[in-house]
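See below for the structure under consideration.
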Ligand SMILES: Nc1ncnc2c1ncn2[C@@H]1O[C@H](COP(=O)(O)OP(=O)(O)OP(=O)(O)O)[C@@H](O)[C@H]1O
C-alpha cells in the first residue's frame, strides 16, 4: 500500500525549462525508497513539494490519503523530515533545543523525548550544548527532532552529507533500525549510490526532471536475469541465444534472459547445440553501472 503518492508533478521555475516533468511514483508502507539523480535533476524540488514548501504547477502529493496541496496539516502530520541543514541554538543543550523546537509547534512529551534521544544514541550528550556536537551528532539530533511527533514516515534529504565514514555508517545503521524495529517508511534523497545500494529496497532515478526508472535497486534483484558467457564459438552461441528469446549486448556481451527461461536452461541449450562454454556466470549490475547506463552520465 502506498503511504505517499507522488502524482504527475510538474514544476517550472524558469519559463524555458521544466524542473519536473510529469513525475509520479509511490512510497510504499515499510520500504526505504532512494531518490537519485544528478545535480539539478529535481530531487529537492520533489521533497519541497512533498513538505508543502514549494507549490507545484501541476499534480499533487498525497500522504496517507490527504493531499499536501489541499489539506496540508493532515498530510504533513504523518511525516517527519530532515530537510536541508539542521539549525540549532548552539548556546542551548540538545535537550533544550528539542524542547524549544517542539514547543514552537505546541507539542512536548518528556518521556517521548527521552526515548528518541536514546534511540539516536544521544542520551549521554543530551545535557551538553550543541556547539560541542560533531556534525554526526547534529544530524542525529535532527533525526530525534523529526521522530518526536511519532511520524509514520521520514523524509531524509542528503542526511549523510559531510559526515565522515564512521558517521555515515552510524547514521545508516540507525535508519535501518528504524525500519526493522518500528516499521518506519523512509524516503531518502541522496546522490551517494553506495548509500542507496546499502539502504534502499527500491529507487527512483530522475534525469532533467523526468523519471527514468522506478523499481527494485538492481543489485538487490532476487531473480538472476543477466549472465556472462565466455566461448570460442561466439557465432553459434549468438544463434542459440537469439532462438531462446534472450538478448546479448553487443558491447558488453552480457546476456539478458526473458522471463520464461532461467540461466541453467539457456546454458543447457548452448551445450546441447555444441557451443564450447569456457565460462558462464551470473552478472549483477551495480547500482552505479545501472545508473550511469540510464542517465548517460
Ligand atoms: N528556488 C528555485 N528557484 C529557481 N530555480 C530553482 C529553484 N530550486 C530549484 N531550481 C532549479 O530547478 C532544477 C531542479 O533543482 P533541484 O534542486 O530540485 O535539483 P536536485 O536534484 O535536488 O539537485 P542537487 O542534487 O544539486 O540538490 C534546477 O535546474 C534548479 O536550478
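Mind checking whether some residue in the stretch 86-94 is in contact with a strand residue (DSSP E or B) (Cβ under 8 Å, 6 or more places away or on another chain), assigned to a strand (DSSP E or B) and at negative phi? Taking every residue of the stretch 86-94 in turn, at least one turns out to be in contact with a strand residue (DSSP E or B) (Cβ under 8 Å, 6 or more places away or on another chain), assigned to a strand (DSSP E or B) and at negative phi.
Residue pairs whose Cβ atoms lie under 8 Å apart, sitting 6 or more positions apart in sequence or on different chains, and linking a residue in the stretch 140-165 that is at positive phi and outside the structural domain of residue 112 (by the TED database) to a partner that is part of a loop (DSSP other than H, G, I, E, B) and within 16 Å of the ligand (Cβ to nearest atom), do not occur here. Of everything in the stretch 26-37 that's under 13 Å from residue 189 (Cβ atoms) and out of contact with any helix residue (DSSP H, G or I) (no Cβ under 7 Å at 6 or more places or on another chain), which residue is farthest from the ligand (Cβ to nearest atom)? Taking the candidates together, the pick is 27. Considering the conditions (1) within 14 Å of the ligand (Cβ to nearest atom); (2) closer than 29 Å to residue 198 by Cα; (3) surrounded by fewer than 14 Cβ atoms within 10 Å (Cβ to Cβ), residue 23 is excluded by exactly one of them, (3). Restricted to the stretch 178-193, and to residues there that are out of contact with any strand residue (DSSP E or B) (no Cβ under 8 Å at 6 or more places or on another chain) and touching a residue at least 24 places away in the same chain (Cβ under 8 Å), the residue that is surrounded by the most Cβ atoms within 10 Å (Cβ to Cβ) is 192. Tell me, yes or no, whether the stretch 223-232 has at least one residue that is surrounded by 12 or more Cβ atoms within 10 Å (Cβ to Cβ) and either out of contact with any strand residue (DSSP E or B) (no Cβ under 7 Å at 6 or more places or on another chain) or under 21 Å from residue 44 (Cβ atoms) (or both). Within the stretch 223-232, not a single residue is surrounded by 12 or more Cβ atoms within 10 Å (Cβ to Cβ) and either out of contact with any strand residue (DSSP E or B) (no Cβ under 7 Å at 6 or more places or on another chain) or under 21 Å from residue 44 (Cβ atoms) (or both). Annotation: residue 60 fulfils all but one of (1) within 16 Å of the ligand (Cβ to nearest atom); (2) over 23 Å from residue 171 (Cβ atoms); the unmet one is (1).
Within the stretch 125-136, if we keep just the residues that are modelled with pLDDT of 90 or more and in a helix (DSSP H, G or I), the residue that is surrounded by the most Cβ atoms within 10 Å (Cβ to Cβ) turns out to be 130. Would you point out which residue out of 122, 104 is modelled with pLDDT under 90 and over 30 Å from residue 2 (Cβ atoms)? The conditions single out 104.
In the set (1) modelled with pLDDT of 90 or more; (2) within 15 Å of the ligand (Cβ to nearest atom); (3) loosely packed, with under 14 Cβ neighbours inside 10 Å, the condition left unmet by residue 90 is number (2).
Could you please find all residues in the stretch 38-53 being near the ligand (Cβ under 10 Å from one of its atoms) and either buried (at least 17 other Cβ atoms within 10 Å of the Cβ) or on the phi > 0 side of the Ramachandran plot (or both)? Result: 40, 41, 42, 43, 44, 45, 46, 47, 48, 49.
Applying a threshold of 6 Å to beta carbon distances and a minimum spacing of six or more residues, or different chains, the list of pairs starting in the stretch 29-45 at a residue that is outside the structural domain of residue 198 (by the TED database) and ending at one that is part of a loop (DSSP other than H, G, I, E, B) and near the ligand (Cβ under 6 Å from one of its atoms) is empty.
Condition first: farther than 22 Å from residue 32 by Cα, modelled with pLDDT of 90 or more and in contact with a helix residue (DSSP H, G or I) (Cβ under 6 Å, 6 or more places away or on another chain). Can you find one or more residues in the stretch 66-76 that meet it? No: zero hits.
The values are calculated or read from the model by the stated rules, or taken from the named source; none is laboratory data. Just so it is clear, the structure is predicted and the values come from calculations on it, not from any experiment. Counting neighbours? That spans all protein chains shown, and the Cβs are built from the backbone with ideal geometry, glycine included.
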